[in-house]
């Protein structure tokens, strides 16, 4: 048995059965969603063990600047964003999702040892670049696969559960990093080596625990490369949602800056990962119940509540003078992510035709990736020139702009 029966039973509560492709899927969340949740948990545990230490390792051990941290993160996310577009289109054209999901997670697993071997920013840059290619390859096909195997009325719960388990891994990763840093005298490299273990378990779980439904052949197949005729089939509501996601992501620069903020108020390198732990703990606890709420409540109101949480987080982090304020700010940031991240995926899935779903997610990830690049570059520059308070204040301004645009969308009944 690949998953604890109690865990599966907890999330599978309804009884109706329907056929999706060649898979029999009950009204419960399919076991493939549970499997993909554990896949996300294991890889995020591995990644966050590294990423929760990486900014301090770069600045404190390798001696690079905050601007360089922003550059590394920006280019890494750009790589992922572009890869997501093409992997989504390929999955639609090929009619298969799982092989691309496996390739993406496998490539990411292979990069983990490079962080332990790094002696300069160049090696870290290379590792992050390849790791993000892997993320880009897997992202859109995985999100499309979730929609493929899940009945429409359960998609909010499905995306919320996957996101929640992803965030559980993101809690366990920083926690493991703190343990290694505490008991092994601040040995960054040993922690990075240990991070390789869950990554390779993740790959094994994809091979043996994830299925995908067979897909009926369409008279009109997706075209590659992306063709304007295919993009024209995506409805106006989808494109407005993409613009909204772009604006929202401009206010959510790389989480590396949350860690640098923790370090800036005097938290030691061994305990800086606790900031990411707190953020992801709140994220993981809120993502699934808020995903269930998204299936039942007004999505526009849920988005608005999430953005107000982000504005509050930016204010608290801008004014922070000590650890308590930083931890309060990152907790609000996590609550914002729980309210909005899975909900964005639901909106994209519901607005896109089934045979273009991979393409739709690819374009969506390209837009949000481009916004994250710009946000990370801007945050790095503001941090170097004006300091952390100004950086988070600017994030609050962009969050307010996305809230205004949301009001326009709600007036037009998009959400």
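No lab work stands behind these numbers, since they all come straight from the coordinates. Keep in mind the model is a prediction, meaning the values are calculated, not measured. A quick note on method: Cβ atoms are made from the backbone with ideal geometry, for glycine too, and the neighbour counts reach across all protein chains shown.
Taking the 0 to 90 degree range and rounding to the nearest ten, how far is the long axis of helix 388-411 tilted relative to the main principal axis of the chain, both from C-alpha atoms?
Once rounded, one gets 20 degrees.
When only Cα pairs under 8 Å and 6 or more residues apart are kept, what is the percent relative contact order across the chain? Let's see the in-between values first.
Values: 767 pairs, mean separation 110.9, N = 415.
This gives 27 percent for the chain.
I need the per residue convex hull volume for the range 252-410, using only the alpha carbons, in cubic angstrom as a whole number.
With only Cα atoms used, the range 252-410 gives 112 Å³ per residue.
Over all distinct alpha-carbon pairs, what is the Kirkwood Rh of the range 67-172 in angstrom?
Answer for the range 67-172: a Kirkwood hydrodynamic radius of 14.9 Å.
Between 39, 178, 207, where does the largest GNM mean-square fluctuation fall for the chain, given springs only between Cα atoms within less than 10 Å?
In this elastic network of the chain, the residue with the biggest mean-square fluctuation among 39, 178, 207 is 207.
So what is the 222 nm mean residue ellipticity for the chain from helices alone, if each DSSP H run of at least 4 adds -39500 (n - 2.57) and you divide by all residues, rounding to the nearest 500 deg cm²/dmol?
Details: 16 runs with 311 residues, N = 415.
Computed ellipticity for the chain at 222 nm equals -25500 deg cm²/dmol.
Using packing as a proxy for protection, rank 367-373, 322-328, 197-203 so that the peptide with the highest average count of other Cβ atoms within 10 Å comes first.
Result, highest mean Cβ count within 10 Å first: 367-373, 197-203, 322-328.
Using all C-alpha to C-alpha distances in the range 235-341, build P(r) with 5 Å bins and read off the rounded percent in each one.
That works out to 2, 13, 21, 22, 18, 12, 7, 4, 1, 0, in percent per bin.
Tell me the angle of helix 155-183 to the major Cα principal axis of the chain, expressed in degrees between 0 and 90 and rounded to the nearest ten.
30
Given the alpha-carbon gyration tensor of the range 109-222, what are the semi-axes of its equivalent ellipsoid in whole angstrom, ordered largest first, with each equal to the square root of 5 times an eigenvalue?
Three semi-axes, in Å: 34, 18, 12.
What's the exposure ranking of 49, 43, 309, going from fewest to most Cβ atoms within 10 Å?
309, 43, 49
With everything on Cα atoms, drop me the angle between helix 299-319 and the longest principal axis of the chain, reported from 0 to 90° to the nearest 10.
Relative to the chain, helix 299-319 is tipped by roughly 10 degrees.
Using the count of nearby Cβ atoms within 10 Å as a rough guide to exposure, how do 132, 138 rank from fewest to most?
Ranking 132, 138 by Cβ neighbours within 10 Å, fewest first, gives 132, 138.
Over the chain, with a Gaussian network built from C-alpha contacts below 10 Å, which listed residue (160, 139, 63) shows the highest mean-square fluctuation?
Result for the chain, Cα springs under 10 Å: 63 fluctuates most.
Rounded to a whole number of µm²/s, how large is the Stokes-Einstein D of the chain at 25 °C and 0.890 mPa s, given Rh as the Kirkwood radius over C-alpha pairs?
115
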